[in-house]
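Engineer: Have a look at this one.
The values are calculated or read from the model by the stated rules, or taken from the named source; none is laboratory data. As the structure is a computational prediction, the values presented were derived from the model and not from experiment. In this analysis, Cβ positions are derived from the backbone assuming ideal geometry, glycine residues included, and neighbour counts consider all displayed protein chains. Keep in mind that these areas ignore ligands, DNA and RNA; they rest on the heavy atoms of the full protein, side chains included. Shrake-Rupley method; radii C 1.70, N 1.55, O 1.52, S 1.80 Å.
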Amino acid sequence: MPIPIQDGPSVKAARRIAWTAALALVIFAAGARLGSATPATDVEKYLAGLATWSADFTQTIDDGHGKVLRSAAGKLYLERPGKFRWDYVEPSEQLVLADGKQIWFYDKDLEQANVRDMDSTLASTPASLLSGGGSVSTQFDITSLPAAGGLQWFQLIPKRADTDFQVVRIGFDKGELASMFLADKLGQVTQLTFTHPTRNAKFPADLFSFTPPPGVDVIGRNPR
């Protein structure tokens, strides 16, 4: 039986990372095609041949008025369907990993890991698109924005009212995802910048599996 726990700040931040990863997996690599009259259709066509993606990232979260609350950097890996891994190296070593069934939040300094079912953790988020259970056009209104900062920008507004965020903006540099901007219902803004992207590389078999190191306190249900 799952152990009921409360979401502390670290878990809430990790949830933000989780649904950001899910959204990135849907839209990250269709930059050139998004310029057409039906961007959602082009994204879905692209996904048919998409298997993996990885990139270095930097991240900031601000209060919606420009005051930075947190900043971080690391490496992101995505694999369809339903797997992603955020390796944080700055300011401390943390891991957010989804293996398709469960999602782990691991903090090395705290020696603590939190594990949950993906379905419950990512409910009402773009993660539903990971499994192929939804489409871009049915879940988002997508519009083109004026170019800015050398990037081609698009805006996604969720059609459902029960999502964690209000608006997402994505910026492409010559067809590659370069930036994501996400504003949540509390007014906080997450800004992600991606560099050194790689598409459809073959990942190690164990990249999306996690075993807590000895001595780590595991919160949540026992893993399968």
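Engineer: Select, from G49, G35, the only residue that is surrounded by fewer than 14 Cβ atoms within 10 Å (Cβ to Cβ) and at pLDDT below 90.
Structural biologist: None of the others qualify; the one that does is G49.
Engineer: Please go through segment 151-177 and pick out each residue that is hydrophobic (A, V, I, L, M, F, W, C), touching a residue at least 40 places away in the same chain (Cβ under 8 Å) and either out of contact with any Asp or Glu (no Cβ under 6 Å at 6 or more places or on another chain) or open to solvent by 10 Å² or more (accessible area, probe 1.4 Å) (or both).
Structural biologist: Correct list: F154, L156, V168, I170, F172, L177.
Engineer: May I ask you to list the residues in segment 58-68 that are open to solvent by 40 Å² or more (accessible area, probe 1.4 Å) and assigned to a strand (DSSP E or B)?
Structural biologist: Residues satisfying the conditions are T58, T60, V68.
Engineer: Quickly run through segment 192-206 and pick out the residues that are open to solvent by 20 Å² or more (accessible area, probe 1.4 Å) and touching a residue at least 40 places away in the same chain (Cβ under 8 Å).
Structural biologist: Selection gives T193, T195, H196, P197, T198, R199, N200, A201, K202, F203.
Engineer: While we're looking at this one, here's another question. Identify all residues within segment 179-191 that are open to solvent by less than 30 Å² (accessible area, probe 1.4 Å) and free of Cβ contacts under 8 Å to residues at least 60 places away in the same chain; write none if there are none.
Structural biologist: Across segment 179-191, the qualifying residue is only S179.
Engineer: Okay, moving on. Looking only at residues in segment 69-115 that are of a type in the set (A, V, I, L, M), surrounded by fewer than 21 Cβ atoms within 10 Å (Cβ to Cβ) and over 23 Å from L177 (Cα atoms), which one is farthest from the chain's Cα centre (by Cα)?
Structural biologist: Among those that are of a type in the set (A, V, I, L, M), surrounded by fewer than 21 Cβ atoms within 10 Å (Cβ to Cβ) and over 23 Å from L177 (Cα atoms), it is L110.
Here is a yes/no grid of residues against (1) over 30 Å from L110 (Cα atoms); (2) at pLDDT 80 or above; (3) part of a strand (DSSP E or B):
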| position | (1), (2), (3) |
| --- | --- |
| P146 | yes, yes, yes |
| Q155 | yes, yes, yes |
| A161 | yes, no, no |
| M180 | no, yes, yes |
| T190 | no, yes, yes |
| T193 | no, yes, yes |
| S209 | no, yes, no |
| I219 | no, yes, yes |
